[in-house]
Structures are given as C-alpha cells and as structure tokens.
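Inspection log for the structure reproduced underneath, given as structure tokens.
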Amino acid sequence: MAREDGRRRREDREERDNEFIDKLVHINRVAKVVKGGRRFGFAALVVVGDQRGRVGFGHGKAREVPEAIRKATDEAKKTLIRVPLKDGRTLHHEGRGHHGAGKVLVRPAPAGTGIIAGGPMRAVFEALGVGDVVAKSLGTSNPYNMVRATFDALKWQQSPRMVAQRRGRSVSEIIARREGNKGEQAGAS
C-alpha cells in the first residue's frame, strides 16, 4: 500500500510539473580566479507558467548549467502569481511596473496583434498565456530587472469582477462605466 501511495504522489507531482512550461531567459557565467586557474559558475533566470494566467520566475546558481536551471525552475514554481486575463488572450487594462532602473509599460491589444515585447518580457507573456499584448521596456535592458518590473506591472492587473467585488457593485455597472469613459475619450478627440 505504501508503494502505491508513493507512486501516486510521484505521478501527481509529474502531472503538476507537466502543466507548466518553462522559458530560459538568461544565463550568466562568472569566473572565480584561484591558484590553479579559473573556476566557473553559472546563474540562470527562468520563467515558468501554465499558459492560463499563472506565472512565476526564479533565479538559480550552480557550478553546472543544468543544475542552475533546475534550481531556478524550482524557485519559479514556488513564486507563482495569478494574473486575470481578458478572454484568455490579453490583459484587462494598461499597467506600469518598475524595479530598480527597469521600467515597463504593458497594454492590452486587439485580437491578432500578437506579443509585441522584448526578449525577457516576451518570455513572461508566453508563459502567462497572453496572446495579444503591446509592451515597452523603458530604462535598463538588464533581464533580471526587466522580468521583475514586468511582474510588478502584472501584479496590479484587476478584472472587472475584482473591481466590482471591492466596490460592492455589479460587474455590469463597472463595464458600463468603462465603456462610457471610452465614448467620452473618443468624443474629446
């Protein structure tokens, strides 16, 4: 019986691992100079997501590249966040995020636009499952800060349902107000 439980747990863990895709964003090689020469170490930045609104990132360091990637992937799975998606393909509203000198701007886009974003940001959106988004990186091109800034922008995303619940209103009131503001902006142009 104990063997079956262990096997079931292992299979559940493998199924959970299979639902995530991981994207290697960056590998950094560092050298430590010692008496006999140089000792190399590697640092990996990995983004993990289920392509249905959950995404996380991790950073791992080791002497070998595969070990660094494994550590980063494990950390990424522990730090998953949930982002509400509109129609399962784009964001609900515009957002800004920053971390250090990295600043990003993310915007929803109409169907068929695709992912218009730079390298590290593109990996985050692909793992998240966003199909249509326009993003701009302002400031640094450091992949670590760009990924953290992207996560800062994504953690402020709210669906109309979340806003309605917080304000004690109905979802239709929130959406009607949003559509009303778009009409006013179009009339002002």
Report summary line: Here FRET efficiency (C-beta to C-beta, ARG52 to ARG96, R₀ 25 Å, nearest 0.05) is 0.55
Query raised in the report: Among the GluC sites (Glu not before Pro) within the range 48-78, which fall in a DSSP loop and have no more than 15 other Cβ atoms within 10 Å of their own Cβ?
Result: GLU64
Query raised in the report: Relative contact order of the range 44-170: what whole-number percent is it, with Cα pairs under 8 angstrom and at least 6 residues apart?
Result: 26
Report summary line: Given backbone amide H placed at 1.01 Å from N, residues whose amide H is under 5 Å from that of LYS86, ignoring those fewer than 5 places away on the same chain, are LEU91, HIS92
Report task. Pull up the DSSP beta bridges for the chain and report the antiparallel fraction as a percent, rounded to 5. Result -> 95
**Report entry** Percent RCO, i.e. relative contact order, over the range 84-159, from Cα pairs under 8 Å lying at least 6 residues apart
**Finding:** 42
Requested in this report: Determine how many Å³ per residue the convex hull of the Cα atoms of the chain encloses.
Outcome: 174
Requested in this report: For an R0 of 30 angstrom, estimate the FRET efficiency from the Cβ-Cβ distance between ARG82 and SER141 and round to the nearest 0.05.
Outcome: 0.60
Report summary line: For the range 84-159, the charge dipole (Cβ of Lys, Arg +1; Cβ of Asp, Glu -1; about the Cα centre) points to a positive end, and the Cα of TYR144, PRO110, MET121 closest to that extreme belongs to TYR144
Report summary line: Interchain or sequence-distant (5+) residues whose placed amide H lies within less than 5 Å of the amide H of VAL25 are LEU45, VAL46, VAL47
Query - Karplus-derived HN-Hα couplings along the range 80-90 (A = 6.51, B = -1.76, C = 1.60, θ = phi - 60°), whole Hz, x at Gly and Pro - result: 5, 10, 9, 10, x, 10, 8, 6, x, 9, 8
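Any read-out appearing in this document is the output of simple, stated calculations on the displayed coordinates, not a laboratory observation. This is a predicted model, so every value here is computed, not measured. FYI the Cβ positions are ideal-geometry reconstructions off the backbone, even for glycines, and counts take in every protein chain you see.
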